[in-house]
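The values are calculated or read from the model by the stated rules, or taken from the named source; none is laboratory data. Only a predicted model underlies this, so the values are computations on that prediction, with no experimental measurement involved. Heads up, the Cβs are rebuilt from the backbone with ideal geometry, glycines too, and the neighbour counts pull from every protein chain shown. Surface accessibility is based on the protein's heavy atoms, side chains included, excluding ligands, DNA and RNA. Shrake-Rupley method; radii C 1.70, N 1.55, O 1.52, S 1.80 Å.
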Amino acid sequence: MKVTDFAVEANEKAVLVNGRSYRRPQRPVVVICFDGCDPEYLSAGRAAGVIPNLVRMMDEGFHSVAQAAMPTFTNPNNVAIACGAPPAVTGVAGNYYLDRATGREVMVLDGHQMRAETIFAGFSAVGVPVTIVTAKDKLLRALARNHEGIALSAEAPEHAADVVGAAAGLTAPDKYSADLSLFVLDAGVALLEQARFEIAYLSLSDFVQHKFAPAEAGALEFMAAVDHRIGRLLAAGATVGIVADHGMHDMADAEGKPRVVYVQDLLEARFGQGSVRVICPITDPFVRHHASLGGFVRVYIKNAALDAEAVRAAVAALDGVGEALLAEAACSRFELPAEGEADVVVVADLGVALGATATEHDLTALAGRRLRSHGGTAEQPVPFIVSRPLTAAYAARAAERLRNFDIFDFTINGVQP
């Protein structure tokens, strides 16, 4: 795939990445991808009085709600944020996909789909020290592509501890715990206090948001722990930008049973066994988070005699389906890469999860918890926070459509001196 070039604008001492110019920051910049942080978590944290530093950022800097990229999953949105561009540009539109050329189903664990460069690669290529710390290895391998600075994952804690130093007190976190995200933040704080970077990207895990609703004690405890670390970043002099890759919603009924539409089962009952293949692009190694159930799936037609519009209409008529779009319409509306897109793209109603077949999804992975997940348009609204006030020009832009992948542009270029 062709890689979008980045270049140095020598007269302005800036880098040009995917059509956007980023100046060298005057002070350290830290952008946090607060994975799964639906705006309701901030509202609940404010009401409970447990996030004083975040409240100060929102009240004294800039705070709004932005739209995440579709589908609202981890890989597409982290890559979009890192590149400052939508999936149509980056080439990454899921955590899991069907390779039409080979017929293989592929879990995305690296950057092989990427066809755009990152802001990190652009800055590091011209000597600006950039640090990337992620909760998940799968993201690090993508986001650190062509990047020459510090790149750490909480899934490789020994390496991170070696790089950051023993004084930071980093200890190996359980990947199914809040500690995974706190490890990322602690590493970022330590590296900032050591003056090891000018730009940093800290990408957290959404374990807590999958497990706890915003006002539950477990969520509030986590918000307080994150807030404490954000306070340390601010105290060390960083300009901090915070955004999320997606929101989060409850997808269980009153008895706690997941509300799931098994799309492939229903389509095969209508059109015949083996007529279609449904891919759940939420699928990743963290299956206990969501049992591979989310608000967005792709339908690939295997029976050449089937008409795509007939399949689309059949899906659209299913209870729990919000909308079903043919490939061209989906790519246009959701800014998706056309290459390899499914015949039909399906988005769930609010509070409903979509799956492939009942036999493919192990609901015991939820360990008795209510299903909380993401992927559809309902999870597009996400917090967008910058610790310092915006310039008049950027404030005017923010009043229009604000995207989560605008965060580096606003945090680096858009703050007042």
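Here is how the numbers come out for the structure above:
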item: Of all residues making up the range 381-395, the number that are over 8 Å from Gly61 (Cα atoms) and either part of a helix (DSSP H, G or I) or open to solvent by 20 Å² or more (accessible area, probe 1.4 Å) (or both); result: 6
item: Answer from Val321, Val297 - the residue that is under 26 Å from Thr90 (Cα atoms), of a type in the set (Val, Ile, Thr) and touching a residue at least 24 places away in the same chain (Cβ under 8 Å); result: Val297
item: Failed criterion for Arg23 (all others in (1) open to solvent by less than 30 Å² (accessible area, probe 1.4 Å); (2) modelled with pLDDT of 95 or more hold); result: (1)
item: Cβ pairs under 8 Å, 6+ apart, first in the range 61-75 and at negative phi and open to solvent by less than 10 Å² (accessible area, probe 1.4 Å), second basic (Lys, Arg) and assigned to a loop (DSSP other than H, G, I, E, B); result: Thr74/Lys136
item: Residue count, the range 304-322 (criterion: more than 30 Å from the chain's Cα centre (by Cα) and open to solvent by 60 Å² or more (accessible area, probe 1.4 Å)); result: 4
item: Counted residues, the range 396-412 - those being in a helix (DSSP H, G or I) and within 22 Å of the chain's Cα centre (by Cα); result: 10
item: Some residue of the range 103-118 being assigned to a helix (DSSP H, G or I), touching a Leu at 6+ places or on another chain (Cβ under 9 Å) and buried (at least 18 other Cβ atoms within 10 Å of the Cβ); result: no
item: Some residue of the range 148-163 being of a type in the set (D, E, K, R), open to solvent by 50 Å² or more (accessible area, probe 1.4 Å), part of a loop (DSSP other than H, G, I, E, B) and within 17 Å of Ala82 (Cβ to Cβ); result: yes
item: All positions within the range 208-217 that are open to solvent by less than 20 Å² (accessible area, probe 1.4 Å) and either under 30 Å from Arg27 (Cα atoms) or not polar (S, T, N, Q) (or both); result: Val208, His210
item: Positions within the range 355-382 being in contact with a Leu (Cβ under 7 Å, 6 or more places away or on another chain) and either basic (Lys, Arg) or farther than 18 Å from Tyr41 by Cα (or both), in sequence order; result: Gly355, His361
item: Residue check for Thr364: farther than 30 Å from Val31 by Cβ and either open to solvent by 40 Å² or more (accessible area, probe 1.4 Å) or among the acidic types (Asp, Glu) (or both); result: yes
item: Filter result (open to solvent by 10 Å² or more (accessible area, probe 1.4 Å), outside any loop (DSSP other than H, G, I, E, B) and within 15 Å of Ser373 (Cα to Cα)) within the range 237-292; result: His249, Asp250, Pro258, Val260, Val261, Val287, Arg288
item: Hey, Arg333 within 23 Å of the chain's Cα centre (by Cα), of a type in the set (Lys, Arg), assigned to a helix (DSSP H, G or I) and over 30 Å from Val15 (Cβ atoms) or not; result: yes
item: Neighbours by Cβ (under 9 Å, 6+ apart or cross-chain): first from the range 368-380, surrounded by fewer than 24 Cβ atoms within 10 Å (Cβ to Cβ); second of a type in the set (Ser, Thr, Tyr); result: Thr377/Thr72; Ala378/Thr72; Gln380/Thr72
item: Number of the condition not met by Asp245 [criteria: (1) more than 26 Å from Leu98 (Cα to Cα); (2) of a type in the set (D, E, K, R); (3) under 22 Å from the mean Cα position of the chain (by Cα)]; result: (1)
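Matching residues to (1) in contact with a Ser or Thr (Cβ under 7 Å, 6 or more places away or on another chain); (2) of a type outside the set (D, E, K, R):
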| position | (1), (2) |
| --- | --- |
| Val208 | no, yes |
| Phe212 | no, yes |
| Arg229 | no, no |
| Arg232 | no, no |
| Ala235 | no, yes |
| Val240 | yes, yes |
| Asp253 | no, no |
| Leu266 | no, yes |
| Arg277 | no, no |
